[in-house]
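Below is one structure, written out as structure tokens; the observations come after it.
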Amino acid sequence: MKHTQRGIALITAMLVTALAAIAATAVLVSANNGIRRASTLIDGERAWWYAQGLESWTRRILARDLEKNGAIDSLDEDWAQPLDYLPVEQGAVRGKIIDLTGRFNLNNLASTQTAKYQKQLLRLFQNIKGLDPATAQPLAAAIIDWIDADQIPSGAGGAENTDYQSLPLPYRAANQPMASPTELLAIKGMTPQIYQRIAPFVCTLPLTGGKVATKINVNTAPQEVLLSLSATVDRGKIDSFIIKRLKEPAKTVQELQQPPDNTLPADVTPDMVDVRSQFFLMTAEALIGSGRAALYSVIQRAGGSAPQVIARSLDTE
């Protein structure tokens, strides 16, 4: 009997010890998880401040560029050089500045010259590599309907409220200028794959006075955008200009419409193109410890005023 009692006592002691070990392990694991969470939050906060620092740096770069090279903006300037990797304490940052004035402004479809920019958008889609030409017309029509204020479909492929409200998850067309190019993903006929093709060539900028279309900087616009300016643009001349502008950017639009090159045809009017830029997109990413922050800022540099952030989005981990 005594042996049995001693055996039970021994087993009880072992169980108590095991439970104590399990409890201690659970407390230790919970404490370690709490430390890691706190560390990640701290790293994420530091990454956010580094990203904000890059935004301030970008504004200073653009302000200095305006003082130094105010007459033109081109891809050989300091602002156009990407920051691939800059080591900082416990991490690194990287970023770049994109000239949004070199892209087609989708909100120009809501300007006083809607018809002209409808044709340009269609030409742009037809020039984008990897985009099925058959999708160009219906997509352009659906984008126009998303922005215009009426409820009349713009030809084949157009879409207004009746089309979107019949979806399993119904919603309405915006019927106003776009706030972000990502709105394209809500438009009839758009897919993530098509969006990835289109995104590098379009932007959504505010219109001056609410109705005056923005211009395209010929010194920074990609080939596809330059070709969309007119149905009579010569692709060979555009390609030659793109190579030449890396070292000799155009100083005026007029020189591109004069002999001997005549790079731009006469129907590319002064209200469509420029050699200066007003809107820029900064993309910055900070990787600090286990934290990450990506900041996307649209910066407007108007006249002699200091560059201002007019839109911002944040992606953190």
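The values are calculated or read from the model by the stated rules, or taken from the named source; none is laboratory data. A quick note: this is a predicted structure, and the numbers were derived from the prediction, not measured. We place every Cβ from the backbone using ideal geometry, glycine too, and count neighbours over all the protein chains shown. Accessible surface areas use protein heavy atoms only, side chains included; no ligands, DNA or RNA. Shrake-Rupley method; radii C 1.70, N 1.55, O 1.52, S 1.80 Å.
Brief remarks on what is shown
- Average Cα contact separation per residue, the chain, under 8 Å, 6 or more apart, as relative contact order %: 26
- Principal-axis tilt of helix 235-244 within the chain, Cα atoms, nearest 10 degrees: 70
- Helical content alone sets the calculated 222 nm signal of the chain at -13000 deg cm²/dmol, taking -39,500 (n - 2.57) per DSSP H segment of four or more residues and averaging over every residue.
- Carbon/sulfur fraction of accessible area - the chain, other protein chains in place, 1.4 Å, %: 60
- Degrees separating the helix 133-147 axis from the principal Cα axis of the chain, which is the longest one: 80
- Between the Cα long axis of helix 114-127 and the first principal axis of the chain there is an angle of about 70°, rounded to the nearest 10.
- Ordering of 72-80, 189-197 by packing is 72-80, 189-197, highest average first (other Cβ atoms within 10 Å, averaged per residue).
- The distance linking segment 272-317 with segment 125-185 is 27 Å (Cα centroid to Cα centroid, whole angstrom).
- Applied to segment 58-73, the Karplus parametrisation 6.51 cos²θ - 1.76 cosθ + 1.60 on θ = phi - 60° returns per-residue 3J(HN,Hα) values of 4, 4, 5, 4, 5, 5, 5, 5, 5, 5, 7, 10, x, 6, 9, 10 Hz, with x for Gly and Pro.
- For the chain: accessible area per residue (Å², 1.4 Å): 54
- Computed over the chain with a Gaussian network model linking Cα atoms closer than 10 Å, the most mobile of Ser277, Ser240, Ser297 is Ser240.
- Within-14-Å neighbourhood charge of Glu255 [Cβ basis; K, R +1; D, E -1]: +1
- Fully extended contour minus Cα-Cα distance, from Asp261 to Ile310, at 0.36 nm per residue: 13.8 nm
- Sequence-distant residues sharing a close amide H with Arg292 (under 5 Å, placed H): Glu317
- Most to least packed among 217-229, 282-294, 169-181 [average Cβ atoms within 10 Å]: 217-229, 282-294, 169-181
- Highest-MSF residue in the chain out of Leu246, Leu167, Leu124 [GNM, Cα springs under 10 Å]: Leu167
- Segments 43-49, 111-117 sorted - mean Cβ within 10 Å per residue, highest first: 43-49, 111-117
- P(r) tail, segment 114-226: Cα-Cα pairs separated by more than 19 Å, 45% of all pairs.
- Most mobile listed residue (Thr263, Thr17, Thr204) in the chain, GNM with C-alpha springs under 10 Å: Thr17
- Label-to-label distance, Leu246 versus Ile42, with points set 7 angstrom from Cα along the beta-carbon direction: 4.7 nm.
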